[in-house]
Every structure is written in C-alpha cells, then in structure tokens.
Amino acid sequence: MSAGTRERPAHGPAHGPALRAARLSLRDVAHVGSAGLRSRPMRVVLSALGIAIGIATMIAVVGISASSKAQLLRQLDALGTNLLVATPGDSMFAGETVKLPKEAVGTVGRIDGVEKAGATGDVDATVRRSEKIPADETAGIAVKAATESLLEVLRGKVATGTWLNEANGRYPAVVLGHVAAQRLGVTTPGQQVWVDNRYFTVVGILDPLPLSPEIERSALVGWSAAQQLLGYDGHPTSVYERSTDATVHDVRKRMAGTINPRSPQDVLVTDPSSALQAKAATEGAFSSLLLGLGGIALLVGGVGVANTMIISVLERRYEIGLRRSLGATRGQIRIQFVTESLMLSGLGGLAGVLLGAAATGVYATSGGLPWVVPLWAVAGGFVSTLLIGTIAGLYPAVRAARLSPTLALHAA
Amino acid sequence: MSTVVALNGVTKEYPGGVRALDGVDLTVGQGELLAIVGPSGSGKSTLLHIVGTLDRPTTGSVAVAGHDIAELSDRKLSALRAQHIGFVFQAFHLVPGISAQDNVAEGLLYSGLPRSERRRLAAAALDRVGLAERTGHRPHELSGGQKQRVAIARALVGEPDLLLADEPTGALDTASGETVMKLLHDLHQDGATIAVITHDTEIAERLPRQVRMRDGQIVADTGSGAL
C-alpha cells in the first residue's frame, strides 16, 4: 500500500486526508537556519564582524560616559550634598554693602539638623612670596580669616602640616589652599609668605576641595590673628554648614532668616554640590557624534549581512529545490533564510556587546573609574541587531522562497 | 487497485513558446513500477516535474494521490509532496557534513513528526536499504551507490504513495547501478509505487511497464496488466 515497510493507518491514496502543511518546531527552525552558517564559519566571522564593530562602538561610547558619570556621582557621594553656604546678598540700595552678622556662625549652628558650621571672612590684604613682589601681583589668591571648624565642615584634609587651631590661630600663621600653595611656590610648611605688611609662616597646605574652589585659592589665617594683625572687622563673608541629609531642605529654607531675621533677603544661600550634579548630568549625555559613527558602522554591517545572504541563496539553489521537493512551503524557506540572517547578525551583536563592554572595562580600569555598562544599552544593541538581521534577511529570503522548486532536479 | 497519478490532456508550455508536453494522458495505479523513458528533450523531465507537483501544467488536469493539484495552494501542494511523494535525484543531493541518518531524517523534517521519531524512522529506513551499519557515516565517507541508497531511504522514509526516481543510476557505475535497481525492485515487491525516469532503454526494459516519450508526447505505453 505504500513505499515503506511500516503499516500506515488504512486510507487509500485516492481518498487522502485533508492536506495541511506541518509547522516546524522552534528547534527545527533554529537547526535549519544555522545549517548554512555551520558549513561556512569563516564567512560567518567576516560578515558578523561589521555588525560587531558597530555595536561595540555604541556600547563603548555609552559605557564610557556612563562610567565617567558613575565616577562623578561617587565623588559627589563622598563630598556630600548636604553642604550649604550663606553669603551676603546684593543690596537693594546701590553703593551700600551688605554684611552678615558677626554671630552668624553661632546662630546657624543652632538650627535643627545642622551638625557643624564654619565661616570665612574676606580680609583686605594680599599675600605674596616676598616683600619684593609688587602688591598688585596677587596671583588671584585671596586672604581669608577662617574658623577652626571650617575644615571639618568642608570635609577637607591637610596635605602637609597642620590646620589652624587655638594656638597658631592667634599668631601670624597661614594655611594655604591647594591652588594658592602652587601659585606661591610653597611646598612645605615652615616657609614664609608676605601678608599685608609682614611675614606669616605657612603651617599647612590643604588637599584639593572640589566643592569649594574659592578655598583652594585662599591663604587662610586664624580668626583672631586676622582681627589683631590684619584689621579684619569680624563679619563673616561665607558661612558654611553641614547638616544631616534628611534636613538639608529645611535648613536651606530657614538659614537666611536665622542669620538675619530682620532682612533675610540680604542673605544668599547656595548649594555648592549643585554644580557638580549638573556636570554629572551632562556627562551622561554621551557624544552623539561617536554614537552616530557607531550607527553608520552598524548600517554598513547590515549591508554586509544582506550581501552574504544573497550569495548564500544563490549558492544553495539546489538545497532550496531539495527542501521544496521534501515538502517545505515557501514560508518555511523564507523562515529558514531570515533565521540564518538573524543568527548571523545576532552573533555579530553578541560579539559587539562583549567587545564594547571589554573596551569600557579597559578604559575604566586604566582611568580608575567604576566599570558601568548600562543594561538598556546592551538591550538596545541586541534589539537593533535583530532588527537589522530581519531587514537584511528579508529580501534574500523572499528571493529564495520564489525560486522554482524544479531547480533541484536540474542535476548539479 | 486505486489510482496514484492521473494526468488528463496535460500540456506544458514555457515562455517563448516551447511546448514541452503536448496532450499527455497517463494513469499510474498503486503498486506499479514503471519507466518513463525517452531521449533528452522528449519532455520526460517536464513530466517528472508535473507528476511530482513541482510545477503546474499549462492546460489539462493532474491528480496525485486523489488530490487535484489545480485546486491546491502552495502550502497544500507542499504538504502533498511532504506526505505523498518521495524524490530520488541523479545527483543524490545529500546534505554534506551530516550523517546518513540525519540526511534520511531530513526527509521527514516537513512532516510534523518530532525529532526523535524522525531519527528512529530514519534508522529503520536505512536498515531497509541495507545500510544499517552506515547510519553514522557522512556522505563523503560513502560510495556513490551507498549515497544513492541513502537518498532512496530519505525518499521512502515518509512512506510516500509515489516514489519518483530521476535517472537514479545516471551518476553510478554499472555495479552500483545494479544494486540501486535491485533495491527499487525489492521496494516494488513490498508494494511501493515507483516511477523511474531514464533515457536508458536497457534499464527501462527490465521494468514491468514502460512509457516511451518523444517530442512531448507519449508514443508508447506497454500499460500495466491490471488496468
């Protein structure tokens, strides 16, 4: 009754059941789709390479900027976002200067949530390497009076020497900010600098203070020494305070009123970390030029895949004819070649993600940054390769499906 | 005995006006072994394409396994080939790099059977063609005759109602050709319906029925005794 030796449920060939093309399982589709790739590994590597380069570029661009941003945020975390600074506001009347009250540091320190407060006061004096340098060559260095608590409030550290204390704060001793020390050419404590009209001894040099660049450019003198030796009036020009994270908002609202209850509009309160936060936000906006380059590489890679697929279809006409004679529908031939194209570009995408992540890793490790590859970039990279694979495979697949099945019978 | 193939007034014209088939009537009953024989250009290959449902006639009706192919969509025609027709080619068309068993199992890929079942049936079909101990061999490790027997196993593994063999010995030496023809005879003894397309009259004369073709027409048909 039939060609084989196996018994088949009794139905005469003339009364066959309704014809229905069987569906291929997902595994069979994957198997058939990968057959062409497995037989030509070198071609797979070369045509997937284009996609890989494109994806790697994009992942690396996103990854490197994300790593830089993570580094900034980490810095910000270390410096804290709970530092506020109060300075005199602009006067409403021209020619009149506004001052903060002398007791401002004490009143700020009593606000609920404030952990520590400190201040600096501008001193009308200049600092020079020696008396022989003209008074107008200040090198942009300001002389400020500083409270003992200032360094702790700023979370600063002394690079060499000591910070101002009750003892040296009364004598002609000066602590230099990191930039000020560089400009004055002072590297070790004990050296002398000319302040106003006499020599002061440098007792310490500070580490960089990213949140307070104005301190980095200052020569700091003890509060009482400034008043006694430099004619300082005792009114602070900047009041710094550090509060708990939860109370920053409340403290900010109450600070001006506490410092100057009668005219709070004369007090300006700022948050030094906001500048760094803004920088972190722009750092996250990666270079769109590089990203565009990656996109072009990806596009060229897609064209390469389409090219490979067209050649693959031409080479395998007999196989297509054979499969049609074995009962493959046009749709199944299309699926086979789209799958092949998807696998080809998917392989490229996978290699690209790994390459891009590795490049980010190398950059991050060499720059001391945290290694961050955003998940959305990886997912986006994959989705775009799959999209490109489908588009690149569609035309060759449609051509393959339209081939006449009689081709297989024209002997090779 | 029921009819497997019924062609009625079939013509096939190719673009450019070439008339490859010109009013062909042919009936093949179940269990027949026949030769379609003719010189090249006689239209036997076109006839094979039409009977194998790989191509449609310009005019006339074609019924295979009881299905009128004029009414069938591409999907249904593909299903017809998957379920009812097996092909054997002169050039074997085995997939290189995969084992004989996997090559035979490819014959069932579009049947809807699960993979394990396909492999099991493939092993049985290889056993049937006398290659039980060659299941793991790849095409390049087999002789020409063995390759053609693998291809025959692939064609019959789905138990088709009709086996179409296109010059099955054309690429083989005489001895290998003999084994392949003997296998076709054996399958016929077991009840298979087989049509062998050949230009070799010697091979054709050893088959129970010969259909001779020339210039797109059937010029002689020894007929099947049963019809």
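So here's what we get for this one:
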quantity: Residue check, B:Ser45 over 17 Å from A:Ile320 (Cβ atoms), surrounded by fewer than 18 Cβ atoms within 10 Å (Cβ to Cβ), modelled with pLDDT under 95 and of a type in the set (Gly, Ala, Ser); calculated: no
quantity: Within the range A:127-154, considering residues that are touching a Leu at 6+ places or on another chain (Cβ under 9 Å) and of a type in the set (Val, Ile, Thr), the one nearest to A:Gly109 (Cα to Cα); calculated: A:Val153
quantity: Residue list for the range B:127-137, filter: within 12 Å of chain A (Cβ to nearest Cβ) and either in contact (Cβ under 8 Å) with a residue 40 or more places away in the chain or buried (at least 19 other Cβ atoms within 10 Å of the Cβ) (or both); calculated: B:Arg128, B:Val129
quantity: In the range B:94-110, residue nearest to the chain's Cα centre (by Cα) [restricted to those that are of a type in the set (Gly, Ala, Ser) and more than 8 Å from chain A (Cβ to nearest Cβ)]; calculated: B:Ala105
quantity: Unique residue being surrounded by fewer than 23 Cβ atoms within 10 Å (Cβ to Cβ) and out of contact with any Cys (no Cβ under 7 Å at 6 or more places or on another chain) when the list is A:Gly222, A:Gly190; calculated: A:Gly190
quantity: Residue that is surrounded by the most Cβ atoms within 10 Å (Cβ to Cβ) [pool: residues in the range B:74-93 that are in a loop (DSSP other than H, G, I, E, B) and facing chain A (nearest Cβ under 9 Å)]; calculated: B:Phe89
quantity: Tally of residues being of a type in the set (A, V, I, L, M), surrounded by 19 or more Cβ atoms within 10 Å (Cβ to Cβ) and assigned to a helix (DSSP H, G or I) across the range A:358-376; calculated: 1
quantity: Complete set of residues in the range B:94-109 that are closer than 25 Å to B:Ile197 by Cα and modelled with pLDDT of 90 or more; calculated: B:Leu94, B:Ala100, B:Asn103, B:Val104, B:Ala105, B:Glu106, B:Gly107, B:Leu108
quantity: Strands (runs of 3 or more DSSP E) fully within the range B:124-227 counting 1 or more residues that are more than 15 Å from the chain's Cα centre (by Cα) and modelled with pLDDT of 90 or more; calculated: B:209-214, B:217-221
quantity: Candidates A:Leu293, A:Leu342 - the one that is more than 14 Å from every other protein chain (Cβ to nearest Cβ), among the aliphatic types (A, V, I, L, M) and buried (at least 18 other Cβ atoms within 10 Å of the Cβ); calculated: A:Leu342
quantity: Pairs with Cβ under 7 Å, 6+ apart, first in the range B:167-187 and under 10 Å from B:Ile152 (Cβ atoms), second of a type in the set (S, T, N, Q) and at pLDDT 90 or above; calculated: B:Pro168/B:Gln148; B:Val180/B:Gln148; B:Val180/B:Thr169
quantity: Residue in the range A:266-273 that is closer than 28 Å to A:Val158 by Cβ and in contact with a Gly (Cβ under 6 Å, 6 or more places away or on another chain) present; calculated: no
quantity: Residue ranges of helices (runs of 4 or more DSSP H) in the range A:76-186 with at least 1 members free of Cβ contacts under 8 Å to residues at least 12 places away in the same chain; calculated: A:104-109, A:178-184
quantity: Single match in A:Ala66, A:Ala30, A:Ala56 (criterion: touching a residue at least 12 places away in the same chain (Cβ under 8 Å), in contact with a Leu (Cβ under 9 Å, 6 or more places away or on another chain) and aliphatic (A, V, I, L, M)); calculated: A:Ala56
quantity: Residue match in the range A:397-407 (condition: outside any helix (DSSP H, G or I), away from chain B (no Cβ under 14 Å) and either touching a residue at least 60 places away in the same chain (Cβ under 8 Å) or under 19 Å from A:Ser65 (Cβ atoms) (or both)); calculated: no
quantity: Any chance B:Glu141 is of a type in the set (Asp, Glu) and either in contact with a helix residue (DSSP H, G or I) (Cβ under 9 Å, 6 or more places away or on another chain) or within 12 Å of chain A (Cβ to nearest Cβ) (or both); calculated: yes
quantity: Selection status of B:Gly158, surrounded by fewer than 18 Cβ atoms within 10 Å (Cβ to Cβ) and within 25 Å of B:Arg81 (Cβ to Cβ); calculated: no
quantity: Meets criteria (in contact with a strand residue (DSSP E or B) (Cβ under 9 Å, 6 or more places away or on another chain) and either at pLDDT 85 or above or surrounded by 23 or more Cβ atoms within 10 Å (Cβ to Cβ) (or both)) for A:Ala52; calculated: no
quantity: So A:Val44, is it at pLDDT 90 or above and surrounded by fewer than 19 Cβ atoms within 10 Å (Cβ to Cβ); calculated: no
quantity: Selected residue (only one of A:Ala397, A:Ala379, A:Ala412 is small (Gly, Ala, Ser) and at pLDDT below 90); calculated: A:Ala412
quantity: Lone unmet requirement of (1) part of a loop (DSSP other than H, G, I, E, B); (2) within 7 Å of chain A (Cβ to nearest Cβ) for B:Leu113; calculated: (2)
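The values are calculated or read from the model by the stated rules, or taken from the named source; none is laboratory data. None of these values were measured; they are calculated from a predicted model. No Cβ is skipped: glycine too gets one built from the backbone with ideal geometry, and neighbour counts run over all protein chains shown.
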